[in-house]
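Colleague: Quick one: the structure is below, questions incoming.
Derivation of every value follows stated rules applied to the coordinates shown; laboratory data play no part. This structure is a prediction, so every number in the text was calculated from the model and none was measured. Here the Cβ positions follow ideal geometry from the backbone for every residue, glycine too, while neighbour counts run over all protein chains shown.
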Amino acid sequence: MNTQKKYSSIAAQLEKKIAACEFQEYLPSVKKLTSEYKTTQRTISRACNLLTQKKLIYYEKGLGNRIVISGAEKKKEKTNLRLAVFTPFQYSRPRSMKIGYSIFTSIIQECRNFGSSVEVFDSLNISRAVKEILNLRKRRDLDGIFFCKAGSVLNENIRNALRRIDVPVIITIHALPFDQEFSTVGFSIPDIFTKFRKNINSGLPIYFFSFDIFDSVYNWACEREKAFSREFPSGVIFKKEKIETESDATPQYIRKIGYTTANYFFDKLSFPCTIIGVNDCMVKGICDYLIKRKIQIPGQVFLIGIDNFPKYTKGLISSINLSYAGIGRQMVRLMHKQYDELSGKKPLKISIPVKFIHGISS
């Protein structure tokens, strides 16, 4: 079969699957389609271009090829909702503020597409946020709440207040497993490490560098360690330091921990190897130490982080890109497209796709 016939055939098959509602909101990734149809990325791209010309799909940056919804589905959408957004304004922590701002602005932008209005509240002060939620409960013009948590777990006072709300609530937690009580949009930690498995040389020794953390309710670093152990049973975890307070959890301090931890465990490393850090800042500190020891990068060690923080990866360190703007968009779409389902008792869960970004070290 020549190239034109092949991508036309693939496009026709995908069109039938779209009509049969075999996909949810997006086509499978190009990588999955390439594998499924045993063809090249170029052929799949051409097939997707045909579907785009027919206005069956359109590309969304960071999320993939989105399926254009039918007229019947369009009628189910809610529009002109009045929504409350709780988001943490962490001015003292620029990196956390940037993440929160990315989610927040994408919520605002996407709400405009549905003609919905938004009221904004600060979720950083727990007691004040609880009072605001209870005040909203008295309102009759409120249609839903987005709650963006500063960190990884809902405070129990916040949880109790949200339980008393009669309108749909969607929360975002930067690190999943999903919340079992409220509808949640976020990243799945197992997805991150599955992506690692598919993009690294599993024949080399593999190490995971981490640290202990002050949060006794939910230790996100520990959750990443568990996911690493499940995906790489023969891998080794190294950690030495503990972050004692939230104010210590700065990129600069975590970079320093990476350096000291690499120094402490250096004699236990076998080269060549793959090193994964609990985040990009940790890996940058490890990289600093290995350069001091004149370890060849790339060549002797392959460095991988999480968060795709360009200030620290700089094209050298590979990383997992987490689309925080994608979280905000999906929260809004879930609220407007599945409003009736959100009003039911069963919480809905959406996991945002993650992307592996290759650096020259791997």
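Colleague: If you count the DSSP beta bridges with both ends in the chain, what percent of them are antiparallel, to the nearest 5?
Modeller: 20
Colleague: Taking each pair of distinct Cα atoms in the stretch 190-322 once, what is the resulting Kirkwood hydrodynamic radius in Å?
Modeller: 14.7
Colleague: Give the dimensionless ratio obtained when the Cα radius of gyration of the stretch 3-68 is divided by 2.2 N^0.38 Å.
Modeller: Details: Rg = 10.7 Å, N = 66, 2.2 N^0.38 = 10.8 Å.
Compactness ratio reported: 0.99.
Colleague: Continuing with the same structure: GNM, the chain, Cα, under 10 Å: largest mean-square fluctuation among Leu204, Leu269, Leu33?
Modeller: Leu33
Colleague: Right, another one. For Ala12 and Lys256 in one chain, what is 0.36 nm times their gap in residues minus the Cα-Cα distance, to one decimal in nm?
Modeller: The span from Ala12 to Lys256 would gain 82.4 nm if fully extended.
Colleague: Can I ask one more? Local charge sum around Leu27 (other residues, Cβ-Cβ under 12 Å, Lys/Arg +1, Asp/Glu -1)?
Modeller: Details: positive: Lys17, Lys31, Lys32, Arg66; negative: Glu15, Glu22, Glu25, Glu36, Glu60.
Net of charged neighbours comes to -1.
Colleague: Now for a separate question. For the chain, what value does the Rg/Rh ratio take when both radii are computed over Cα atoms and Rh is the Kirkwood radius, given to two decimals?
Modeller: Rg/Rh for the chain comes to 1.00.
Colleague: Taking the Cα centre of the chain as origin, sum charge times position over the Cβ atoms of Lys and Arg (+1) and Asp and Glu (-1), and report the length of that vector in debye to the nearest 20.
Modeller: 1020
Colleague: In nm, to one decimal, how far is the modelled label at Asp166 from the one at Asp248, with both set 7 Å along Cα→Cβ?
Modeller: Each label point is offset 7 Å from its Cα along the Cβ direction, giving 4.8 nm.
Colleague: Under 14 Å from the Cβ of Arg139, count the other residues' Cβ atoms, weight Lys and Arg +1, Asp and Glu -1, and hand me the total.
Modeller: Combined, the nearby Lys, Arg, Asp and Glu give +1.
Colleague: While we're looking at this one, here's another question. Sorted by packing (mean other beta-carbon atoms within 10 Å per residue), highest first, where do 314-322, 55-63, 283-291, 42-50 land?
Modeller: Details: 314-322: 20.2, 55-63: 14.0, 283-291: 22.6, 42-50: 18.7.
Going from most to least packed, we get 283-291, 314-322, 42-50, 55-63.
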